[in-house]
1. Between the stretch 24-91 and the stretch 360-374, what is the separation of their alpha carbon centroids in Å?
2. Above 44 Å lies some portion of the pair distances; for the chain, what is it as a whole percent of all C-alpha pairs?
3. Report the one residue of Val318, Leu281, Val416 whose Cα lies farthest in the direction of the positive end of the charge dipole of the chain (charges on C-beta: Lys and Arg +1, Asp and Glu -1; origin at the Cα centre).
4. Decide, for the stretch 182-304, between rounded, prolate and oblate: order the square roots of the alpha carbon gyration tensor eigenvalues as a ≥ b ≥ c, take rounded if a/c falls under 1.5, and otherwise choose prolate if a/b is larger than b/c, else oblate.
5. With just the Cα atoms defining each centre, how far is the stretch 109-180 from the stretch 393-441? Give it in Å.
6. When a/c reaches 1.5 or more, the comparison of a/b and b/c decides; with that in mind, is the stretch 116-230 rounded, prolate or oblate per its Cα gyration tensor?
7. Fewest first, what order do Trp53, Trp83 take by the number of other Cβ atoms within 10 Å?
8. Which of Leu299, Leu187 comes first, and how do the rest follow, when ranked by fewest Cβ neighbours within 10 Å?
Amino acid sequence: MKKNRMFKLIMLVMILGGTVKATAANWHSDTYVIWAQKKDAPHQATVVSWSDWLVFGNAVSGKPGVRFLINTLGAAGIREVWWRTFGGGNTLYSSKVPDVTNGNYAGQGADYGKYDSLKDAVEYAHKLGIKISAWYTPLEEAHGWADNVRSRYTDLHKDMWDRNIAGMPTGAPSMYYKKYRDYKLALAKEMLYCYNIDGIVIDFERLGGPVRSDLWGYLPPMVNGFNKHYKRSGKPATNDPEWQAYRAEYVGKFMRGVKKLAEERKRPAEMTVIFPAGKDLTAHWDIARWHKEKIIDRLGLIKHGSKWAAPAPNLAEVEKQYQKSYKLPISVILYSLQGSNQEVKYCLDRAIAGGVKNIIWFETTYLYFKHRYALPTAAACPERIKLSSPEYDFSTGGKLELVAAGDWKISVAEKVIAEGKANQPYHIKVPRIASRNRLQIECTLSGNTPKAGIAIQGLIGTTQVHSNAQWISSQGQVITLAQPGIPPFLAPLDTAIAGGVK
């Protein structure tokens, strides 16, 4: 009886015109959550450590979990993803390189040898028009401490372990050995040639456990080679610039190999190097030399605030300094683990006011757990928006399904035909109008919302209606943020597991 009464109510509203709340629609794969991007908005990217999401219990494994993460960041106006490909020394994608350790975490329900998160992430990000790069940490063979997610390669090749200044084994191989460099290059080639990534990000802050430092690189043949070249004797000082550059040259051989692979792809990939601002030269990297050799396409500057992983208030000043020195595209990393929302917002606002055009949020887990997705949303998306559809023939009317992140109203020929509240799916009766016309939608986001967007689909006459990037707005370029039917649209998360857009 209840189902019958609901059916009659829906039919009555459809006949008379207006709206009725509905259960989640069977959303079509051609329907997108759309919004305009502010004309002066910075380009926002973010780091995704899917393994961290699984550890903290706020995502699920498999395609639903990957799409949940990308949908969430996309709905906040973020247009680029750095997808983590290694956790310590273990892959977070399905690698076929010999001696590699594919991550397998029973507690997370994640076996990366069987499920390829990178493949699904690339496919779905590109579907939304979001750029995606592989975030690669080539110097990390364990994470945090020596036996945490340690690579099998390390213990299979103890003959290649580096030595520290005291002559003791460091527990990780040295780039001095060509065999080790070739192994790391094989992994880079696999990411570049087996996945349609847009770029590769080489991270020189994550240096393993124990941490690689200037105390490393004291292999006897390296010390002997340096002394012979510079006509010296004994052990050089750890912070001697010539000795730092000499050791970094072996990592430079690896970097030249990656650059060659990136350039020789059918679709060349952008090569980004991230490192701590103010440390351009160490035993493990030489930014000035690599820039001179045109190895680097973009710099990613790491700057911590008052605490590790706290936001820094002087990102604009740091960016200007490096822009003057290197004249390269620069992205600055904005940390969001430490500090209050007000502190993170202050640092973000200062960076934007100072002219920073490329911001990397580090990282999605922090944005989610600290309830900070409203910050990138506000930076990218106008609070109020007017959207216009393509033209349709309204002579026979139609019917639509709609869901939006804010309160909305929809008009045709300057007449309001329906209106509704945020985060509720609706069915809409479209009246007959004897002309071709456009749907006009106005939508207003509530304050501190973690997402923007509106999705609409249905039929007008015999023409399929799907919200997509062909819609227009005077407030900026219309972009595809996400897809409806996948959280955070029409949540909860179990909806994504059971259904959503196929």
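All of the numbers you see were taken from the coordinates with simple rules; none came from a lab. Quantities reported herein were computed from a predicted structural model and do not represent experimental measurements. In this analysis, Cβ positions are derived from the backbone assuming ideal geometry, glycine residues included, and neighbour counts consider all displayed protein chains.
1. 11
2. 23
3. Of the listed residues, the answer is Val416.
4. Cα axes put the stretch 182-304 in the prolate bin.
5. Value for the Cα centre distance between the two parts: 51 Å.
6. prolate
7. Ordered by Cβ neighbours within 10 Å, fewest first: Trp53, Trp83.
8. Arranged by neighbour count, lowest to highest, Leu299, Leu187 become Leu187, Leu299.
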